[in-house]
Amino acid sequence: MTIEIQRVTRSFGGHVAVNDVSLTIGDGSLTALLGPSGSGKSTLLRIVAGLEVPDGGTVVIGGREVTRLKPQDRGIGFVFQHYAAFKHMTVYENIAFGMKIRRRPKKEVRDRVNELLKLVQLEGFAERYPSQLSGGQRQRMALARSLAIEPEVLLLDEPFGALDAKVRRELRTWLRHLHDDMHVTTVIVTHDQEEAMDIADEVVIMDHGVVQQVGQPRDVYEHPANEFVMGFLGPVNEVDGGLVRPHDLEISESPLDGAAEAHVERIVHLGFEVRVEIVRADGWKLWAQLTRDEVETLGLQPGQLVWVRSRRARTFEDDPRADPVPTQA
Amino acid sequence: MRPRRRTTSGDALSTGIITAILGCVVLLPLSAVVWSATKDGTDSFTRALSNPQAIDALKFTLGAAAIVALVSAVTGTAVAWVLVRDRFRGRALLDAVIDIPFALPTIVAGLTLLALYGPKSPVGINIAFTQASVVAALLFVTFPFVVRAVQPVLIELDREMEEAASSLGASPSTILRRIILPNLLPAILTGTGLAFAKAIGEFGSVVLISGNVPFDTEVASVYIFGLIESDDASGAAAVSTVLLAISVVVLAGIDVLRRRSTR
Amino acid sequence: MTRYLLRCFVIAYVLALILGPLYMVFSQALDQGTDQLWTAITTDAALHALKLTILATVIATVVNTIFGIACALMLVRRRPRGSALINAIIDLPFAVSPIVVGLALLLTFGIHGWFGEFLTGAGLEVIYAVPGIVIATVFVTLPFVVREVVPVLEELGDEQEQAASTLGASSWRTFWSITLPSIRWGVAYGVVLTVARALGEYGAVAVVSGKIAGRTETMTTHIEERYQGFDTVSVYGSALVLASLAILVLGAMMVLSRSAHSHHDTTENR
């Protein structure tokens, strides 16, 4: 099911959370809504789900206008950051809830729940209560619960945000495989750019209630539309009125064309990656991201005199936020 | 801050109905009291209140309620402290007993106090028909307020704060004064305020043991009851209005405290 | 040492102030001999009073439970404008003297009250009749369920309700299968407090009931009337009945607060 969002606006008091956003999310895609907290990404997702009503604009899911429909009539699955587990129900009852509402025959419910328990690797946990599960297990249960009603669209609001880093990475990979098997149109809200790049076919970057850029993960990283997108997707140095990624700084022991004189201030070994902090002769501070081997080859030492230049600096002319790019995903 | 949910017309309707019920059940009758007290002008209102018996009953009620509130503040905090921080056998029983004054009908409370501390006292203490008996009855009925206000706050109180203070060289008494009491203060004041509000309006537990002697042991609510029985509704309303006003002020004070402590 | 002294003081204080008197009810009542006691608490007047007390308690509890849940949902979930004022109004019955409550009802529904003429014209008796007793009981017990349910709802949050709605549940269905089961301990505790207060209400009922034996006497006013008649057996017999009910209520409170807490514990270790 394609999701079409047209000129949607929503404000809370005087604060505009979502400002005139138009966006199309392709059928069967896995799209990440990425942005810092307060960027309006969660509000936008909740508008698609019907948990918020927009002040203006329309939402169309699979050709059907749903803007004024209640969540229960939209045929969506929604996964919450804090699981929203029904604490007084067992895992089985949680997953069966949506089907019971739809008055499905008992046998069908049982078969489907068992199938889902297997899918989310919670076999044997059917009679437990949510309080007896770990965070990751609870979120898998919540996912199974939303999938039980065979939603046309799956919406996930920071689903892994409350989990620790290792579980988060596991679930992320697992969700990607699940999506590859099921092809249900999926939108995931996240503030973690690595998560978005890892999981999504398409990334929608938002800030201040406005879509800043839409594109495939690699494209938005390589060709950021504005300073905000570039800064949000990875670390940057500010240099000569432009931005440069630390891994695009070239360091040499001898003078190079267009290179500036600098000296090494500090070298931080982070395993494979090494951070080299340098100060240019004009006093400007930068840091470069090198591999361990590169640092060894150069034989860098603190205090050493080096030359530094950027391979790929970007400059953005206009204030990008005032004039967002037209969006098509 | 979570945003206020958007209101639909259905929401507005049910909100309206609930507010209307509250208005009819609570505000309407109470405004009838104020109206009845003031309908014949301020003269009759002041006349009703300048009756020496009324003044004395009000003074005695406020004085007794103030004493009871203060005693309750101290003993209630002590009881809450023992319940939360002390460990001994029978503590669970003690915890259960605290709520007896909430559960026991006030008239029964008065009766039992009379049996224990009246003319036929098995322990030889007879305070029936004295001002002390009123204080005793009020202490009984207001006993749970401070305990139940302080107890949860004390349970939640961060022990690390006390450990930090003692690591900085504070003595136990300094920790009590400078760390614990300031943190408990809003709860103590809330409980004390509730106890005071309850005490100034109390009737059932007082009416049997106090003897209701005018100019001595007669409290305001008993005085009002007498006026009602003798068909002086506007006089009763005048004294009631004073009690109402005090209740409202105390409630408002507690509300301010509650807001300040949650900020 | 300080700890020991404090503990002894607290126990002594509670014994003298609370347990001593409670013990007296039982010893006084049982002193009279069980036969006499039974006769005293099964007189027509006593039985009628008990029935009336139970009737008023049941009605007040049902009304205030429904109203209390609706009101708490409104306050927590919708946050209407003026909720501070609504909160203050809800708390008023806690702080107002029962005698003032009685007077207020008298001045509203009595013959000379605001609606006196209307009620007399319609042939409805409120004051010195059962409806007055019921209204008085509803008034004094109004805040309990609201006050117990509001914090539970606040802690619960609305995510589970939202999840239910995304799974296809209507708001009615969400209330019955998600909200109500989640707040059940809070509701139950509020109900128990309501029952306790309703059973024991005296002041407000004393004013509005007219205390007509066999007609408008409740248990509490019956006790007082028997006390004035120096009928010690009846006084302590009825007091025993009420005190036993109070102890039952207290037991229910203990069990409920324990269940509510153990429920709370499981919700906390996410």
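Go through C:VAL145, C:VAL233, C:VAL149 for me and flag whichever is modelled with pLDDT under 90 and at negative phi.
Values: C:VAL145 fails: modelled with pLDDT under 90; C:VAL149 fails: modelled with pLDDT under 90.
It is C:VAL233.
Residues of region B:16-46 that are open to solvent by 20 Å² or more (accessible area, probe 1.4 Å) and either among the polar types (S, T, N, Q) or within 7 Å of chain C (Cβ to nearest Cβ) (or both): B:THR19, B:ILE21, B:VAL25, B:LEU27, B:LEU28, B:SER31, B:THR38, B:THR42, B:SER44, B:THR46. Taken together, the criteria exclude A:LEU156 from residues that are surrounded by fewer than 22 Cβ atoms within 10 Å (Cβ to Cβ), hydrophobic (A, V, I, L, M, F, W, C) and either in the same structural domain as A:ALA49 (by TED's automatic domain parsing) or modelled with pLDDT of 95 or more (or both).
Flag set for C:ALA164, criterion: more than 12 Å from chain B (Cβ to nearest Cβ) and either crowded, with 23+ Cβ neighbours inside 10 Å or among the charged types (D, E, K, R) (or both). Looking at A:ARG168, is it among the basic types (Lys, Arg) and either in a helix (DSSP H, G or I) or open to solvent by less than 20 Å² (accessible area, probe 1.4 Å) (or both)? Taking the combined requirement at face value, the residue satisfies it.
Residue by residue, here is whether (1) surrounded by 24 or more Cβ atoms within 10 Å (Cβ to Cβ); (2) touching a Leu at 6+ places or on another chain (Cβ under 9 Å); (3) not β-branched (Val, Ile, Thr) holds:
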site	(1), (2), (3)
B:ILE55	no, yes, no
B:LYS59	no, no, yes
B:ALA65	yes, yes, yes
B:VAL74	no, no, no
B:ARG85	no, yes, yes
B:LEU94	no, yes, yes
B:ASP99	no, yes, yes
B:ALA103	yes, yes, yes
B:VAL108	yes, yes, no
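Looking at region B:1-119, the helices (runs of 4 or more DSSP H) lying wholly inside it that each contain 2 or more residues that are over 29 Å from C:ILE90 (Cα atoms) and out of contact with any helix residue (DSSP H, G or I) (no Cβ under 9 Å at 6 or more places or on another chain) sit at B:41-50.
Can you work out which of the residues in region C:17-38 that are crowded, with 16+ Cβ neighbours inside 10 Å and facing chain B (nearest Cβ under 9 Å) is nearest to C:ALA246 (Cα to Cα)?
Residues of region C:17-38 that are crowded, with 16+ Cβ neighbours inside 10 Å, as a first pass: C:17-18, C:20-22, C:24-26, C:28-29, C:32, C:37.
In the following step, the residues that additionally are facing chain B (nearest Cβ under 9 Å) were identified as C:17-18, C:20-22, C:24-25, C:28.
Values: C:LEU17: 17, C:ILE18: 13, C:GLY20: 16, C:PRO21: 14, C:LEU22: 11, C:MET24: 15, C:VAL25: 12, C:GLN28: 17 Å.
By that ranking, first place goes to C:LEU22.
Tell me yes or no: at least one residue of region C:65-82 is at the interface with chain B (Cβ under 10 Å from one of its Cβ atoms), out of contact with any Lys or Arg (no Cβ under 9 Å at 6 or more places or on another chain), open to solvent by 30 Å² or more (accessible area, probe 1.4 Å) and assigned to a helix (DSSP H, G or I). Yes, region C:65-82 contains a residue that is at the interface with chain B (Cβ under 10 Å from one of its Cβ atoms), out of contact with any Lys or Arg (no Cβ under 9 Å at 6 or more places or on another chain), open to solvent by 30 Å² or more (accessible area, probe 1.4 Å) and assigned to a helix (DSSP H, G or I).
In this structure, does B:ALA78 turn out to be buried (at least 16 other Cβ atoms within 10 Å of the Cβ), in contact with a Phe, Trp or Tyr (Cβ under 8 Å, 6 or more places away or on another chain) and without any contact (Cβ under 8 Å) to a residue 40 or more places away in the chain? Here the answer is yes, as B:ALA78 does meet what is asked. Those helices (runs of 4 or more DSSP H) of region B:143-243 in which 3 or more residues are crowded, with 18+ Cβ neighbours inside 10 Å occupy B:181-201, B:204-209, B:220-229.
For A:GLN216, the conditions (1) at pLDDT 95 or above; (2) surrounded by fewer than 22 Cβ atoms within 10 Å (Cβ to Cβ); (3) under 30 Å from A:ARG103 (Cβ atoms) all hold with the exception of (3).
The values are calculated or read from the model by the stated rules, or taken from the named source; none is laboratory data. Note that the coordinates shown come from a computational prediction; the quantities given were computed from them, not determined experimentally. Cβ sites come from the backbone with ideal geometry, for glycine too, and all protein chains shown count toward neighbours. Just the protein is used for accessible areas: all its heavy atoms, side chains included, with ligands, DNA and RNA removed. Shrake-Rupley method; radii C 1.70, N 1.55, O 1.52, S 1.80 Å.
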